[in-house]
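First comes the structure, then the notes that go with it.
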Amino acid sequence: SSPVPHGIPVPASYGDPQRNGLTANDLFDGMAEHLFYTLGTRAEGASVHDLYMALSHAVRDRLMTRHLATKDQLRAGSAKVVAYFSAEFLIGPQLGNNLLMLGMQAEAAEALRRFGGPGLDQVLDVEEEPGLGNGGLGRLAACYLESLASLEFPASGYGIRYEFGIFDQAIRDGWQVEITDKWLKGGWPWELVYPAQSVSVGFGGHVESYGDEQGAERRRWLPAHRALGVPHDVPVLGYRVNSCDRIRLWRAVAAESFDVHAFNEGDFQRAVQEKVASETLSKVLYPNDGTDQGKRLRLEQQHFFVSCSLQDMLRTLALRGAPVQSFAEHWTVQLNDTHPSIAVAELMRLLVDEHRLGWDEAWTITTASIAYTNHTLLPEALERWEVGLFGSLLPRHLEIIYEINARFLQQVRLHAPGDLDLLRRVSIIHEDGTKAVRMAHLATVAAHHVNGVAALHSQLVKTDLFPDFAALWPGKFTNVTNGVTPRRWLALANPPLARLLGETLGDDWPAHIERLRQLEPLATDSGFQQRWAACKLACKRRLAGVIAEQSQVLVDPTSLFDIQVKRIHEYKRQHLNALQVVLQYLRIKHGETEGMVPRTVIFGGKAAPGYWMAKLIIRFISGIAETINADPDNRGLLRVAFLADYNVKLGERVYPAADLSEQISTAGLEASGTGNMKFALNGALTIGTLDGANVEIRQQVGTDNFFLFGHTTEQIAELRSDYRPWEWVEKVPLLREALDLIERGHFSNGDGELFRPLVQNIVGRDSYFLLADLPDYLVSQNDASRLWADPSAWQRASILNTARSGYFSSDRAIREYAERVWGVEPLPVAMGCEVS
Ligand code: GPW
């Protein structure tokens, strides 16, 4: 019950669209107030950052009506809400996006004009982006929350408010250097803190039995330590609708500010130790993409945010006056990979131990509410926790997992009597050698649906990763091909094209992405082609400016922009691309330039700090860039640039500027890819393997508008048994010479040692089949050059790529999850004052 009586009016603007303060005038007034009252500064002396803060606060004020109306409607109703559990949310800059969602971009520009200082672009440019994710998986979570809000589905993201997100990358002497990401340093205006909704989470300790009031034996967990989770909510506006969902990120603080006893003894050091330990929980994001390190703190982080979130969800259930038994009717939980899969055991514990439900009833609720998305087949990414570590941190959860496993294996025994090997294969507990909990097995056993993220990947999940589970539960496995939001990745990132699309398809095209199809008949219209090309050129000029500013490399915006941006990983094969660049360079050196067109090859991406080979690949790209760019023999045919610190903000500059999108992973290894979709949406042609969502992109855009190369998944599997990479070297003209050049230090100032491990890796083992795919890759690259030489044919293909990429909208993906996995319906938000 509230200490404030009912009947106190909401602010005058609440629920009244006319008084929502969305005009330039209102924004100007709002900014002036915030400069003065929130920031304590005068307009005259305001810095660009002050203006950014003032505008952000003014915009934040204007989304609050929607945010509160959405919450009120949820609290009052009984609609099922999506809880998207993810250890990562790579949300990107907020101000520009929120202006777009509210339809206030022009108003903001106008309000700033009245201050007479910096313009909107300059103000947007100072925003620090929260790098609360590594790459594709985290960015997918952000796109999905945005689509959920835009499609008016009630939803909450749940994750961790890392104080330090993914490191900032600098390049020094060609090497990656990691710099701490201090995204909170200037104050970050896009979060709302609710300390009163903090929850307590236990760690360690032991479990004991006791008899409850009915005399039944029960188990009780007595944790050794507790931390508090404080919710920080980032509002997520839908596009031009009233819905405003949120991402609830938990920050860890000490349960007591310090150990009073130790403090009284005069041991101040020890007194604050517990506080430091608790707050370490949400201190820093693990910067590994697709590798599991099995570190204790990582499991602590996972348990921390999952427990906070489930307790929060149970609390709101009670607020709705609904019994705990109805959990699965009010919430549907999506696990973004296995990182939050401890949720299975934690929900069971909360239901059985805390809410005193019977096991079977609790299991029915748990399995009815949880679904699991798998994002990788790579064994090094599949999370396993040693039983010793697991049990010392979460003793009760380990017991629960043993119980789940025992009941599950009993079921398997009935299904396949006597098949001991099957039991060993599917067991949640890995038993050979050191015992470990297999989190993907836990998630798969509990989930009502398990999905992969592209058609090919979902197929491989069934046939290669979990064939036994697929045989047990054929209906459980499904596919939802990934998608990306056309708001951020087209409407916001590509202003020239957004304008052209507005004129051609109508202003509300971002909410109706299927309209892109209407571009098809224009693909051969030379007038439209010219306008299309002009948009692309403007974006390329903008990116050329970024490159010049960053690295002093001057690139020609009329050259073919050939781009590969993504995390650096051997399976993604940036070194295949680099090798191809060296071969092109040699052709130029030998005067064999027939069929070549001026190209700018651009790379960007971070390497995990402990991934030595990935860091060497960055050094290699820097090396070839330096040598090639300095060589006058080039005659403008080849430039190479490595873009430092690739992140969401840079991505918004990169995708619109691409002519050619490099999607060249070894077939069967990239679950989906989502950068591939952002490129295609922005009219880039793909050069790619039949991997992940490339397969579907090629189907959608048409095989003529996609440069295919390489072995298929099946062919790679066949090669694997008897692969001798060195035998492939002679099949490629100039390759021997290229490798020698690299080994002799041509790209490393004469240092003949530096790149030897890279060359050895490729020629000696080549685990990712670069050499097997290289000949076909070169042919495809030539095809791309040939098409580029015919501008009209290229423009046509580019237009068709955009026209046929609507399928890759996250709106489509979210609709599929809603219908086939979650069973949720849109709930449009009313903005009247009908809420009590
Ligand atoms: F290993 N992905 C990622 F599966 O970005 F957990 N980080 C990760 O840690 C994992 C996957 C994990 C990516 C996939 O590599 C990419 O193919 C996919 O498009 C993306 O997740 C979103 O599904």
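Here are the numbers for the structure shown:
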item	result
In segment 580-637, GluC sites (Glu not before Pro) in a DSSP loop with at most 14 other beta-carbon atoms within 10 Å	E592, E594
Rel. contact order, % - alpha carbon contacts under 8 angstrom, at least six apart, segment 486-808	22
Heavy-atom accessible surface of the chain: percent carbon and sulfur, 1.4 Å	51
Low-density loop cleavage sites - trypsin sites (Lys or Arg not before Pro) in segment 607-658, where at most 11 other Cβ are within 10 Å (DSSP)	R635
Unsatisfied cross-links (Cα-Cα over 18 Å) in the set K185/K283; K435/K476; K540/K649; K283/K649	K435/K476; K283/K649
Summed residue charge, Cβ within 12 Å of A58's Cβ, Lys/Arg positive, Asp/Glu negative	-3
Residue-normalised accessible area of the chain, given per residue in Å² at a 1.4 Å probe	38
Cβ crowding within 10 Å averaged over residues, with 94-106, 573-585 ranked highest first	573-585, 94-106
The chain: relative contact order in percent, alpha carbon pairs under 8 Å with at least 6 residues between	14
Calculated from backbone phi, Karplus (6.51, -1.76, 1.60) coupling profile of segment 354-359 in Hz, x at Gly/Pro	8, 9, 6, 7, x, 4
Cleavage-rule hits (GluC sites (Glu not before Pro)) in segment 728-807: DSSP loop, at most 13 neighbouring Cβ within 10 angstrom	E753
Relative contact order (%) - segment 403-543, alpha-carbon pairs under 8 angstrom, separation at least six	14
Under Karplus coefficients 6.51, -1.76 and 1.60, residue-wise ³J(HN,Hα) of segment 622-627 in Hz, glycine/proline x	4, x, 5, 4, 4, 5
Derived scalar couplings ³J(HN,Hα) [segment 594-607; Karplus, 6.51 cos²θ - 1.76 cosθ + 1.60; whole Hz; x for Gly, Pro]	4, x, 7, 10, x, 10, 10, 9, 10, 10, x, x, 9, 9
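The values are calculated or read from the model by the stated rules, or taken from the named source; none is laboratory data. This is a predicted model, so every value here is computed, not measured. We place every Cβ from the backbone using ideal geometry, glycine too, and count neighbours over all the protein chains shown. Areas reflect the complete protein model, heavy atoms only, side chains present, ligands, DNA and RNA absent. Shrake-Rupley method; radii C 1.70, N 1.55, O 1.52, S 1.80 Å.
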